[in-house]
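Enquirer: This is the structure I want to talk about, given as structure tokens.
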Amino acid sequence: MPMPHTVPLHADETALSFAARVAFANKLPSLSEFLKDFDLAISDVVCGSTAALARLAELGDVESQLLVARAFCYSGDSHRILGFQIDKQNLLVGYNRVCPACLRADMAGTLTEQTVSMAYGRILWSFASARVCPVHNLLLVAPPEENVRYEFMRSWEPWLIEIEDGDLDRPVPGHASFEHYLSTRLAGGAPGGWAANLSIGAAGVASEMLGASLVFGKGAALRELSAYELAVATDAGFALLNKGPDALLTFFQSLRAETGSPQDRPSARYGRIHDWMRRGAGAGLGFGHLRDILRQHILETWPLGEGELALDYPLPARRLHSIRTAALAHDLHPKRLRRLLRDAGIVDEPDTPDYDVLFSAPETETLLDQASGAVSYVAAQRRLGMTRTQMERLIAEGVLTPGEGGDTARPRFTEATIRKWSNFFEAFPETSRHCGKLSISETSSSLGVSTAAILRLIVEGRLRDVERNAVLIVIEN
Ligand SMILES: [Zn+2]
């Protein structure tokens, strides 16, 4: 049998609020007293016990399944309400935050027992990331005395004068965009935008994280922000989130491009949002689509080496080099490397720092190997068939140019340089004996002309009948 006085159950009302209002309408001192009279407990309502809710529905004269749908039915680490599965940490069940203007509207401008029992708790107010009323743009406020959990009427009845007078009103700039989205979803609607790719709980948390970074800087910690600041942040964060991948990529790029000390790794550039996705709550299943975007951005914009992490993905092979990483990997001076890359038409960013000038690693591998002098002094000597003294003389006279790698004492040569000279020598017909011809060394010493000068004459085609010896090419002594 129903209680003598009943109240209407609203589509967006929590079962806890409804139970508290039935108790209040029947002049009972509290929700727990009311439930106790019928051998029920608040925890039964909070956990969504079907039997307890059925009894309560009977007492309040409403359909049982309507009340069950509005209870935060608890199982494992999540709650189920209105058909949505919400992680426990995304809800503030029993905290009784309210919008003062909504309560005023419920009470229709007068404070009587009858009108006060009409003031009800909205399901949306229990979402941790919801901080603004989507109808009135006021900050949701917690009861000034927060020790009364679950008891909706007892939490607010002592403060109704302040509510009526607007003392607790705190307008929030912005559009309450997340709360509008949440309200539409809870009402069974399908709001447009990219946030639909996330659960309603994850959309709220992601909006907070993005917004805190967007509004208060990438180092901002959520726990250091007030409810008001978080409300402002969440609004901005949701607007960004809902625009989707392109806007998010632009945002991540802006974080990446902020000036800072040279960094070879992403964590410092993206700030807290990176750590959150790497090892915080953002590493959870619900944020997979958001992580995909940041990971892709990192893969496309960071010169990570084999085995380094793009968020949670270890690179199987390097895709990108910066001038800084290539200089280190190939033992090249950054300035010379930059000139080389510019001459090859690969980079042209004179004012960008070394660590931010990026280029494809696979496509420049050959160039870098050659520039760094892949051919050692000894190997070059063997392939050209020269003595050390001859090599030194040719280097000193500028005929043979060492590569960018190595040092003065032990220069290295590019593959291209060595191949050019060995091809040149091999083009001459081979001879097994001198046949009265002179070697370059003999010519040099008998005429007092430098080896390089003779070589130049050969290169210019001004010496005819040049042959090469089978073992030691023309310039053997
Ligand atoms: Zn409101």
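Please treat every number below as a calculation from the coordinates, not as lab data. It should be emphasised that the depicted structure is a prediction, and the values quoted were computed from it without experimental measurement. Every residue, glycine as well, gets a Cβ built from its backbone with ideal geometry; the counts of neighbours run over all protein chains shown.
Enquirer: Which order do the peptides 122-134, 96-108 come out in when sorted by mean C-beta neighbours inside 10 angstrom, highest first?
Expert: 122-134, 96-108
Enquirer: Can I ask one more? Just to check I understand the Karplus step: with θ = phi - 60° and J = 6.51 cos²θ - 1.76 cosθ + 1.60, what whole-Hz values come out for segment 359-366, glycine and proline as x?
Expert: So the J values, rounded to whole Hz, are 7, 5, 6, x, 6, 10, 4, 5.
Enquirer: Along segment 57-66, what does the Karplus equation 6.51 cos²θ - 1.76 cosθ + 1.60 (θ = phi - 60°) give for ³J(HN,Hα), rounded to whole Hz, x for Gly and Pro?
Expert: Per residue, the Karplus-derived 3J(HN,Hα) values read 4, 5, 5, x, 6, 10, 6, 4, 5, 5 Hz.
Enquirer: Just to be sure I understand: if I project the alpha-carbon convex hull of segment 143-298 onto a plane and average over all orientations, what area do I get in nm²?
Expert: 11.4
Enquirer: I've got another one for you. Where does helix 288-301 land angle-wise versus the long Cα axis of the chain, in degrees 0 to 90, nearest 10?
Expert: The helix 288-301 is inclined about 20 degrees to the chain.
Enquirer: Same structure, new question: May I ask you to order 449-459, 44-54 by the average number of other C-beta atoms within 10 Å around their residues, highest value first?
Expert: Going by the mean number of other Cβ atoms within 10 Å, highest first, we get 44-54, 449-459.
Enquirer: Another question about this same structure. Could you tell me, in Å, what Rg and Dmax come out for the Cα atoms of segment 298-430?
Expert: 17.7, 60
Enquirer: To the nearest 20 debye, what is the magnitude of the charge dipole of the chain about its Cα centre, counting +1 on the Cβ of each Lys and Arg and -1 on the Cβ of each Asp and Glu?
Expert: 2100
Enquirer: Related question: Among 171-178, 460-467, 421-428, 302-309, how do they line up by average Cβ neighbours within 10 Å per residue, starting with the highest?
Expert: 171-178, 302-309, 421-428, 460-467
Enquirer: Mind checking the angle between helix 227-243 and the chain's longest principal axis? C-alpha axes, 0 to 90 degrees, to the nearest 10.
Expert: Compared with the principal axis, the helix lies near 60 degrees.
Enquirer: Using +1 on the beta carbon of Lys and Arg, -1 on that of Asp and Glu, and nothing else charged, what's the dipole of segment 320-371 about the Cα centre, debye to 20?
Expert: So the dipole magnitude of segment 320-371 works out to roughly 200 debye.
Enquirer: If you average the alpha carbon positions of segment 1-78 and of segment 136-152, how far apart do those two centres end up, in angstrom?
Expert: If we compute the Cα centre of each part, the gap is 20 Å.
Enquirer: With each run of n ≥ 4 DSSP H residues scored as -39500 (n - 2.57), what mean residue ellipticity at 222 nm is computed for the chain after dividing by its residue count and rounding to the nearest 500 deg cm²/dmol?
Expert: -13500 deg cm²/dmol
Enquirer: Starting from the Cα of Lys88, draw a straight line to each of the aspartates and glutamates and keep only those under 18 Å, dropping any in the same chain fewer than 8 residues away.
Expert: Cross-link targets: Asp44, Asp77, Glu208.
Enquirer: Sticking with this one: Would you report the distance distribution of C-alpha pairs in the chain as whole percents per 10 angstrom bin, up to the bin with the largest distance?
Expert: In order of increasing distance, the bins hold 4, 16, 18, 14, 10, 8, 8, 7, 6, 5, 4, 2, 0, 0 percent.
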